[in-house]
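These notes are about the structure you will find just below.
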Amino acid sequence: MGGTRRRFFQDAAIFGAGFFGLSSRLNAEQTSAARSSGSRNQRGLSPNPTAAQSPPMLTPDIPDLPHEMDGPVKVFRLTAEAVQRKIAPFKTIDTWGYNGSCPGPTIQIQQGDRIRVIFENKLPESTTIHWHGLEVPIEQDGVPYISQMPVAPGEKYVYEFTVHQEGTFFYHAHTAMQEMIGQIGFFIAHPKTPHHPHVDHDFGIILQEWAVLPANTVPNTASMEFNWLTFNGVSGPAITPMIARLGSRVRLRIVNIGMDHHPIHLHGNQFVITGTEGGRAPESTWCPMNTVLVGVAQARVVEFDAKFPGAWMLHCHLPHHMMNNMMDLLRDRQIETADQTDPKALSQMQTLVNTLGVEHVHHAPIARNASEVRGFPQDAFMEMGMDAAVAKPETYGLPANWSAGMMGMMTLVRVLPDREYNEIMDRKKAERPTT
């Protein structure tokens, strides 16, 4: 019997009684490898291609979950709690997440690591955590009543297992409504031996849908209709662009736990699918494409060579997923697209931008007789530039009014030559606190 398989059954035997034991001693120091990984993660720099490790994954707008060491065990502390999430400059919703984040913080480990997750439930109802795609003993699987009793409000629970796989996995609550109100996070198991070809940049994106009525902040998790679409809990143009160096190789990991499938399209580049929620795909299956369908409960990993400089769109290609709820732009007043006029549109948009403190740039030109054409308007009055409201180092250097046409599941992969790339990295470094 192989070592990893033997360890798997040892796990089941050791923790079959209920995993309520917890070491009283936790070493607060991280390993030097973890510190090095975190440092690279913060800088956004690509690692040494000859190093015997994979680059850390960056999850825009989502933090990593730190760990401590208890001997050879990596110890993570994860708390389920209510979270307020600002999904657009003018829209904040009440969600549930983990450790103050929705989606929850990213867990990154190495294949072969033994991990312990000290889970605390600060929600008003019971919950559990399921490790999606991971081959763990049944007692660690997180299904209420079948593999464990639900974790009651105010209680803690300890999950512990050895990860013998590598790949793109995720954790989530195993009840339908809790999933729909935001309870999900990445779980990345980097391979013992780095894959080839080597990647220089590794990014992760979680797809979510929300049903939020006008003038409301709590998503209706029982609804079958969705009017807000997010990448990593943020809607375009507030999503932080991904920055890649020209000539590098880029990996994108995309996870979906919503109610709909999402065809994710990358402009200007061809990629190959190199993995799923089951791990690395054989190279014989790779074929060039630029749109990947990410179904519910699936992960898709794509890679491409960043050969072409530019700010390349990455978005869901379902048309209604490239927009937000226009009824909610002015709180409880609907924008009347059926009989809109130029002065009326400008007045409504100005009301919105006054609350944001940004300049409203006039929409794209329309014909003088536009109102005489049946079907007008369609997209004419939906532009909503807010460059200043979403400015950050990663948006530096983009054309003026770049944000006007970005909504819903839309973000950018910016492929930059050395000088521009280094300038943005310097700006990110200057923005970070020194303590």
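See the values below:
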item: Options G385, G397; residue that is under 30 Å from the mean Cα position of the chain (by Cα), farther than 15 Å from A88 by Cβ and of a type in the set (G, A, S); result: G397
item: Residue in region 94-113 that is open to solvent by less than 30 Å² (accessible area, probe 1.4 Å) and farther than 23 Å from L58 by Cβ present; result: no
item: Residues satisfying the stated conditions in region 158-184, i.e. open to solvent by 10 Å² or more (accessible area, probe 1.4 Å) and among the hydrophobic types (A, V, I, L, M, F, W, C); result: V158, A176, M177, M180, I181
item: Residue within region 290-313 that is free of Cβ contacts under 8 Å to residues at least 40 places away in the same chain, open to solvent by less than 50 Å² (accessible area, probe 1.4 Å) and of a type in the set (F, W, Y) present; result: no
item: Matching option when the condition is part of a loop (DSSP other than H, G, I, E, B), small (G, A, S), modelled with pLDDT of 80 or more and over 29 Å from P309 (Cα atoms), among G375, G385; result: G375
item: Failed item, numbered, when S371 is tested on (1) surrounded by fewer than 17 Cβ atoms within 10 Å (Cβ to Cβ); (2) within 22 Å of L252 (Cβ to Cβ); (3) polar (S, T, N, Q); result: (2)
item: Residue that is surrounded by the fewest Cβ atoms within 10 Å (Cβ to Cβ), among those in region 396-434 that are of a type in the set (S, T, Y) and out of contact with any helix residue (DSSP H, G or I) (no Cβ under 9 Å at 6 or more places or on another chain); result: T434
item: Selection within region 166-224 - among the aliphatic types (A, V, I, L, M) and at positive phi; result: A215
item: One residue from S235, S284 being free of Cβ contacts under 8 Å to residues at least 24 places away in the same chain and either over 23 Å from M407 (Cα atoms) or touching a strand residue (DSSP E or B) at 6+ places or on another chain (Cβ under 6 Å) (or both); result: S284
item: Whichever residue in region 119-143 is open to solvent by less than 10 Å² (accessible area, probe 1.4 Å) and aliphatic (A, V, I, L, M) and, among such residues, is farthest from the chain's Cα centre (by Cα); result: L123
item: Failed criterion for V255 (all others in (1) touching a helix residue (DSSP H, G or I) at 6+ places or on another chain (Cβ under 6 Å); (2) closer than 29 Å to V151 by Cβ; (3) modelled with pLDDT of 95 or more hold); result: (1)
item: Test: residue in region 85-95 that is in contact (Cβ under 8 Å) with a residue 60 or more places away in the chain, under 26 Å from E166 (Cβ atoms) and within 17 Å of the chain's Cα centre (by Cα); result: no
item: Criterion (free of Cβ contacts under 8 Å to residues at least 40 places away in the same chain, of a type outside the set (D, E) and open to solvent by 50 Å² or more (accessible area, probe 1.4 Å)) met by exactly one of P66, P72; result: P66
item: Failed condition for G18, given (1) of a type outside the set (F, W, Y); (2) modelled with pLDDT of 95 or more; (3) open to solvent by less than 20 Å² (accessible area, probe 1.4 Å); result: (2)
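Yes/no matrix, rows are residues, columns are (1) closer than 26 Å to Q111 by Cα; (2) out of contact with any helix residue (DSSP H, G or I) (no Cβ under 8 Å at 6 or more places or on another chain):
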residue: P219; (1), (2): no, no
residue: M224; (1), (2): no, yes
residue: P237; (1), (2): no, no
residue: L246; (1), (2): no, no
residue: H267; (1), (2): no, yes
residue: P288; (1), (2): no, yes
residue: R300; (1), (2): yes, yes
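The values are calculated or read from the model by the stated rules, or taken from the named source; none is laboratory data. Just so you know, these numbers come straight off a predicted model, no measurement behind them. We place every Cβ from the backbone using ideal geometry, glycine too, and count neighbours over all the protein chains shown. To get the accessible areas, we keep the full protein, side chains included, count just its heavy atoms, and leave off ligands, DNA and RNA. Shrake-Rupley method; radii C 1.70, N 1.55, O 1.52, S 1.80 Å.
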